[in-house]
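A.B. asks: I'd like to ask some things about the structure below.
The values are calculated or read from the model by the stated rules, or taken from the named source; none is laboratory data. Because the structure is a prediction, the values reported are computed rather than measured. Neighbour counts are summed over all protein chains in view; Cβ atoms, including those assigned to glycine, are modelled from backbone coordinates with ideal geometry. In case anyone asks, the SASA skips ligands and DNA or RNA and just uses the protein heavy atoms, side chains included. Shrake-Rupley method; radii C 1.70, N 1.55, O 1.52, S 1.80 Å.
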Amino acid sequence: MATTLKPTHRVSFACIIGTDEDGNDKLGQAREIGAIWPRKNGKGGILRFDHVPIELTRGEGVIFINDVERGK
C-alpha cells in the first residue's frame with residue numbers, strides 16, 4: 001500500500017504594516033502562502049508556494065515556517 005505524503009511544514013507571510021514607538025517593525029496578520037513537502041529519499045524538503053505576495057519580493061515582511069501537527 002502506497003503512503004500519501006503530507007506537508008511537514010506550513011509557510012506563512014506577514015507584511016510589515018508600520019513601526020512601533022521604538023522603531024521596531026509591526027507585522028500584520030500572517031497568511032499561509034505555501035508548504036514544505038518531504039522528499040521521497042528523506043533528505044530535505046521541497047518548498048512549494050501557492051501564493052507569492054508582492055511584499056515578499058520587495059522584502060517588506062517576514063516568512064514563518066511552522067511544523068504541521070500530526071495526528072490531530
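A.B. asks: Given H placed 1.01 Å from N in the peptide plane, which residues other than close sequence neighbours of Ile33 have an amide H under 5 Å from its amide H?
C.D. replies: Val11, Ser12, Phe13
A.B. asks: With a 1.4 Å probe and all protein chains in place, put Glu55, Glu21, Glu60 in order of accessible area, largest first. Don't skip to the answer; put the middle values down first.
C.D. replies: Numbers: Glu55 55, Glu21 165, Glu60 75 Å².
Putting Glu55, Glu21, Glu60 in descending order of accessible area: Glu21, Glu60, Glu55.
A.B. asks: For the chain, what does the relative contact order come out to in percent, with C-alpha contacts under 8 Å and a separation of six or more?
C.D. replies: Value for the chain: 37 percent.
A.B. asks: Still on this structure, I have one more. Based on DSSP H runs of at least 4 residues, each adding -39500 (n - 2.57), what is the mean residue ellipticity at 222 nm of the chain after dividing by all its residues, to the nearest 500 deg cm²/dmol?
C.D. replies: My calculation for the chain gives -1000 deg cm²/dmol from helical runs alone.
A.B. asks: Taking the Cα centre of the chain as origin, work out the dipole magnitude from +1 charges on Lys and Arg Cβ and -1 charges on Asp and Glu Cβ, in debye rounded to 20. Could the numbers behind the result be given before it?
C.D. replies: Working: 11 positive and 10 negative charges, 165 e Å.
Roughly 800 debye for the chain.
A.B. asks: Could you list which residues have their amide H under 5 Å from that of Thr8, counting only those 5 or more apart in sequence or on another chain, with H placed in the peptide plane?
C.D. replies: Correct list: Ile36, Trp37.
A.B. asks: What list of ³J(HN,Hα) couplings, whole Hz, do you get for segment 24-29 from phi and the Karplus terms 6.51, -1.76, 1.60, once you set θ to phi - 60° and write x for glycine and proline?
C.D. replies: For segment 24-29, the Karplus-derived couplings read 7, 5, 9, 9, x, 5 Hz, x marking Gly and Pro.
A.B. asks: Of the candidates Gly42, Gly18, Gly34, which one comes out as most mobile in a Gaussian network treatment of the chain with C-alpha springs shorter than 10 Å?
C.D. replies: Of Gly42, Gly18, Gly34, the Gaussian network model singles out Gly42 as fluctuating most.
A.B. asks: Taking the chain as the region of interest, what is the percent of Cα-Cα pairs per 5 angstrom bin, listed from the shortest bin to the one with the maximum distance?
C.D. replies: Final binned percentages: 3, 15, 20, 19, 15, 11, 8, 5, 2, 1, 0, 0.
A.B. asks: Extending each Cα 7 Å along its Cβ direction at Leu27 and Ser12, get the distance between those two points in nm, one decimal.
C.D. replies: Those two pseudo-labels are separated by 0.8 nm.
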